[in-house]
1. List the chymotrypsin sites (Phe, Trp or Tyr not before Pro) within the stretch 209-256 that DSSP assigns to loop and that have no more than 14 neighbouring Cβ atoms inside 10 Å.
2. Take the residue pairs Lys131/Lys222; Lys125/Lys216; Lys63/Lys125; Lys125/Lys223 and return only those whose Cα atoms are more than 20 Å apart.
3. Using every pair of alpha-carbon atoms in the stretch 43-254, split the distances into 5 Å bins beginning at 0 and state the percent of pairs per bin, rounded to integers.
4. Using alpha-carbon positions, what is the distance between the centroids of the stretch 131-165 and the stretch 174-239, in Å?
5. Assuming a ≥ b ≥ c are the square roots of the Cα gyration tensor eigenvalues, decide whether the stretch 190-249 counts as rounded (a/c under 1.5), prolate (otherwise, with a/b larger than b/c) or oblate.
6. If amide H atoms are built 1.01 Å from N in the plane of the peptide, which residues on other chains or at least 5 residues away come under 5 Å of the amide H of Trp65?
Amino acid sequence: MRKKARFWKGVLIVLVITGALLFAFSYSLLFAFQRMRLGQLGCSVDKRQIADSGIAHLQGCQKLWVHRVNSFERLQVVQDHFGGFECDLLFDPAAQTFRITHPPAPANDLTADDYFRWLKSSGKKMWLDVKDFRPADVEAGVRYFLHSDSLYHIRDQVVVESSEPVLVNMLAAEGFIVSYLVPPQFLEGNSRDTVVSLLPEVAFVSQEDRFVAALKRRYPQKKIITWALSFDNYFNLSHFRSLLSDPAVGIVLINIKSRHYK
């Protein structure tokens with residue numbers, strides 16, 4: 001009986017240690033699995049190629065950017081493996097700046113300027129998802145991006161996405177790469193709204209991956225940026241292959257796991 005008790009005690013200890021190790025390294029293991037599966041698509045980082053490729057002309061695996069990189073901790077995990085990253089911006093009228101946060105999470109002290117300084121030296125790209133933008137702040141928002149470009153030369157390194165068409169059109173007229181976030185109800189055919197008038201300079205339209213076909217029908221002259229966040233895509237790579245080979249699709253945000261992914 002004592003030998004049997006010692007045996008099961010040993011098994012329990014091994015299980016506890018194994019569980020603790022899996023918990024401690026779960027994000028690293030998931031990230032390694034994701035990189036392995038992307039490698040089976042032929043995706044690897046060529047820093048020179050990424051730096052030289054314009055946002056409007058990305059090809060193949062260059063289109064894969066990381067979703068919701070809203071902290072430097074997360075950026076440090078993924079920056080050496082991808083050429084592009086998405087972050088969420090919320091305009092602070094009092095400070096006349098954009099803070100990096102995804103509502104309803106409270107804003108912190110991290111601002112777009114902090115990322116722009118990093119972009120200036122990194123040669124990487126960023127998708128700036130402007131959240132909950134008020135029409136009353138359009139002129140201030142445009143001034144902010146123009147001033148940021150004068151300081152950090154971001155114009156060719158970022159794509160600014162917003163559901164506010166006036167902001168999108170004004171930034172496009174100033175030479176920024178922009179995307180109009182199309183309301184999903186419009187693409188589902190449940191809205192009586194007319195098609196928003198977009199300048200020819202507006203390079204992209206955007207919505208999640210299930211709306212790619214609808215975006216093509218509604219905006220045949222625009223390229224598409226989208227997001228494919230289902231973890232199932234790593235088990236069956238056919239959806240990633242389809243998006244990467246589609247000439248109408250310019251950027252695809254993907255779900256990359258890390259401890260700071262929220």
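1. The qualifying sites are Phe235.
2. Listed pairs above 20 Å: Lys131/Lys222; Lys125/Lys216.
3. P(r) for the stretch 43-254, in whole percents per bin: 1, 7, 16, 20, 21, 18, 11, 5, 1, 0.
4. If we compute the Cα centre of each part, the gap is 20 Å.
5. prolate
6. Here the answer is Val252, Leu253, Ile254, since their amide H atoms fall under 5 Å of that of Trp65.
Values in this text are rule-based calculations from the coordinates and carry no lab data. Values in this document were obtained by computation on a predicted structure and should not be read as measured data. A quick note on method: Cβ atoms are made from the backbone with ideal geometry, for glycine too, and the neighbour counts reach across all protein chains shown.
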